[in-house]
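**Q** Okay, handing you the structure first.
Any read-out appearing in this document is the output of simple, stated calculations on the displayed coordinates, not a laboratory observation. Remember, predicted model here, so these are calculated numbers, not experimental data. Positions of Cβ are generated from backbone atoms using ideal geometry, with glycine treated the same way; all protein chains shown enter the neighbour counts.
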Amino acid sequence: MTTDLRSAASVLRSARHVCVLTGAGISAESGIPTFRDALTGLWSRFKPEELATLEAFERNPQFVWEWYESRRAKVLQTQPNPGHYALAELAGRVPEFTLVTQNVDGLHQRAGSPGVLEYHGNILRDRCMVEQVVAGRAPEAAGRLPRCAGCGGLLRPDVVWFGEAIPAEPMRAADRAANDCDVFLSIGTSSLVYPAAGLAETALRHGATVIEVNPNATDLSPLADVTLRGPAGVLLPQLLEAML
Ligand code: BV8
């Protein structure tokens, strides 16, 4: 057991409020490509930041929908991995626990994590562009764009696109947790996308101990108190073991 794993475990053992931020890296071992991984197929010549925007959707909704439908199919084929399950377990091991995810795949929820804050929404839900509410689908003709069962308006994935605001409730709850926690875990994120990447900085400013779990260095690494270099699906179960 590395000294880092031992010190991370001792910090967690005496923690009062643990706030966790996860990114695409925690779902990598479930077979979902990260945002750093180049896009494949029809979308290989685009960066996610170019497709995950309202402008791209308005310009070519069919094309963007096909990208989301292919990602949705991938998500439905995958299972949570030991990293997801370890966090569901950790929630029951500390007095207060807040899980904020940038992932839209719903794998934390499927692993049994309670009260997951979906900071960037969820790819398995549709939102009506007219009523701006989560909506069901009208029976659609094959290949046609999905329409709202309520008003017939065009549907979009219920995710936060670049240039769009974070939903108010998860934003408020995540800010509160980052300000209040005494331990902040940053797992599987490149810490490049804001405002999510600012949560670790908020926690640091409030004296929290920051632990990063990532096989690669990130912009947060120099600021982290403990860095666990490796895959989350391997290190998080080891971390729980080390807490015993
Ligand atoms: C907004 C949903 C304004 C959609 C996503 C400040 C500075 C600079 C730029 C900005 C700034 N403030 C705002 C911006 C602009 C922008 C931004 O941050 N741009 C970046 C690119 C520089 N932010 C926004 O546009 C945000 N909105 O600012 O609105 C506003 C305000 C008020 C009112 C109106 C408007 C909205 C951002 C959200 C966009 N939506 N997703 C979809 O999924 O389709 S972001 C999306 O990309 C993900 O959700 C995630 O957040 C991000 C990808 O980052 P990561 O998850 O970290 O993944 P990544 O691939 O980068 O890295 C993976 C990591 O895992 C790596 O480090 C790797 O080493 C590691 N890893 C790999 N394998 C493993 C592993 N780790 C552990 N275990 C493993 N096995």
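**Q** Please list the non-local residues whose amide H lies under 5 Å from the amide H of Thr209, H modeled 1.01 Å from N, same-chain partners needing a gap of 5 or more.
**A** Val183, Phe184
**Q** Spelling out what I want: for every residue of the range 95-100, take phi, set θ = phi - 60°, compute 6.51 cos²θ - 1.76 cosθ + 1.60 (Karplus), and round to whole Hz; glycine and proline get x.
**A** x, 9, 9, 10, 10, 9
**Q** While we're on this one: Helix 232-243 versus the longest principal axis of the chain: what is the Cα-based angle in degrees, 0 to 90, to the nearest 10?
**A** Long axis of 232-243 versus the principal axis of the chain: about 30 degrees.
**Q** All other residues with a Cβ under 15 Å from the Cβ of Glu55 taken together, and with Lys, Arg as +1 and Asp, Glu as -1, what is their net charge? Walk me through the intermediate numbers first.
**A** Working: positive: Lys47, Arg59, Arg156; negative: Glu49, Glu50, Glu58, Glu164.
Around Glu55, the surrounding residues sum to -1.
**Q** Which of rounded, prolate, oblate describes the range 150-244, given a ≥ b ≥ c as roots of the alpha-carbon gyration tensor eigenvalues and a/c under 1.5 marking rounded, otherwise prolate only if a/b is larger than b/c? If you can, show how the numbers build up before the last one.
**A** Numbers: a/c = 2.14, a/b = 1.73, b/c = 1.24.
It is prolate, given that a/c is not under 1.5 and a/b is the larger ratio.
**Q** A follow-up question, please. GNM on the chain, C-alpha springs below 10 Å: top fluctuator among Ser113, Ser70, Ser186?
**A** Ser70
**Q** Neighbour counts of other C-beta atoms within 10 Å: give me Leu12, Leu107 arranged from fewest to most.
**A** Working: Leu12 20, Leu107 24.
By the 10 Å Cβ count, ascending: Leu12, Leu107.
**Q** Then there is this: Only counting other Cβ atoms within 10 Å, I'd like Ser7, Ser191 sorted with the fewest neighbours first. Kindly include the intermediate steps, with their values, before the conclusion.
**A** On the way: Ser7 16, Ser191 22.
Ranked by crowding around the Cβ, least crowded first: Ser7, Ser191.
**Q** For each cysteine in the chain, check whether another cysteine's C-beta sits under 4.7 Å from its C-beta; list those where none does.
**A** Those would be Cys151, since no other cysteine Cβ in the chain comes under 4.7 Å of theirs.
**Q** What are the ³J(HN,Hα) values, in whole Hz, obtained from phi via the Karplus relation 6.51 cos²θ - 1.76 cosθ + 1.60 with θ = phi - 60°, for each residue of the range 73-80 in sequence order, with x given for Gly and Pro?
**A** With the stated coefficients, the range 73-80 comes to 4, 4, 4, 6, 8, 9, 10, x Hz.
**Q** What shape does the range 33-94 have by the C-alpha gyration tensor, where a ≥ b ≥ c are the square roots of the eigenvalues, rounded means a/c under 1.5, and otherwise prolate means a/b greater than b/c and oblate the rest? Each step should come with its number before you reach the end.
**A** Working: a/c = 2.64, a/b = 2.43, b/c = 1.09.
Since a/c reaches 1.5 and a/b is larger than b/c, the shape of the range 33-94 is classed as prolate.
**Q** Do the sum for the chain: with -39,500 (n - 2.57) for every DSSP H run of n ≥ 4, divided by all residues, what is the mean residue ellipticity at 222 nm, to the nearest 500 deg cm²/dmol?
**A** Rounded to the nearest 500, it is -10000 deg cm²/dmol.
**Q** Also, I was wondering about something else. What is the fewest-to-most order of Leu76, Leu39 by other Cβ atoms lying within 10 Å of their Cβ? Before the final figure, lay out each step's value.
**A** Numbers: Leu76 11, Leu39 18.
Fewest to most other Cβ atoms nearby, the residues stand as Leu76, Leu39.
**Q** Would you please report the Å³ per residue occupied by the convex hull of the alpha carbon atoms in the range 104-199? Let's see the in-between values first.
**A** Working: hull volume 13.2 nm³, N = 96.
Per residue, the Cα convex hull of the range 104-199 comes to 138 Å³.
**Q** In the chain, what percentage of the DSSP-assigned beta bridges are antiparallel, given to the nearest 5? All intermediate terms of the calculation are to be shown ahead of the outcome.
**A** Numbers: 8 of 29 bridges.
Expressed as a percentage, antiparallel bridges in the chain total about 30.
**Q** Under 8 Å for C-alpha pairs, at least 6 residues apart: give me the relative contact order for the chain, rounded to a whole percent.
**A** Values: 441 pairs, mean separation 61.9, N = 244.
With pairs under 8 Å counted, the relative contact order is 25 percent.
**Q** Take the chain, mark every one of the GluC sites (Glu not before Pro) that falls in a DSSP loop and has at most 16 other Cβ within 10 Å, then report the longest stretch left between them, sites excluded. Display every interim value, and only then the final one.
**A** Numbers: sites that count: Glu131, Glu140, Glu164.
That gives 1-130 as the longest site-free run.
**Q** Right, another one. Please compute one quarter of the surface area of the Cα convex hull for the chain and express it in square nanometres.
**A** Values: hull surface 52.3 nm².
Answer in nm², one decimal: 13.1.
**Q** In whole Hz, what ³J(HN,Hα) sequence does the range 27-35 give by Karplus (6.51, -1.76, 1.60; θ = phi - 60°), x for Gly and Pro?
**A** Result, rounded to whole Hz: 9, 4, 6, 8, x, 9, x, 7, 6.
**Q** Among the trypsin sites (Lys or Arg not before Pro) within the range 20-106, which fall in a DSSP loop and have no more than 11 other Cβ atoms within 10 Å of their own Cβ?
**A** Numbers: sites: Arg36, Arg45, Arg59, Arg71, Arg72, Lys74, Arg93; in loops: Arg36, Arg45, Arg93.
Within the range 20-106, the qualifying trypsin sites (Lys or Arg not before Pro) (loop, at most 11 other Cβ atoms within 10 Å) are Arg45.
**Q** In addition: Run the numbers on the range 1-140 and let me know its relative contact order in percent, using alpha-carbon pairs under 8 Å that are six or more apart.
**A** Values: 154 pairs, mean separation 35.8, N = 140.
The normalised contact order for the range 1-140 reaches 26 percent.
**Q** Take the Cα atoms of the range 150-191, build their convex hull, and give its volume per residue in Å³. Don't skip to the end; give the middle numbers.
**A** Values: hull volume 5.6 nm³, N = 42.
So the per-residue hull volume is 133 Å³.
**Q** Quick query: amide H of Phe97 versus all other amide H atoms, modeled in the peptide plane; which residues come in under 5 Å with a sequence gap of 5 or more or a different chain?
**A** Close amide H contacts, sequence-distant or interchain: Val18.
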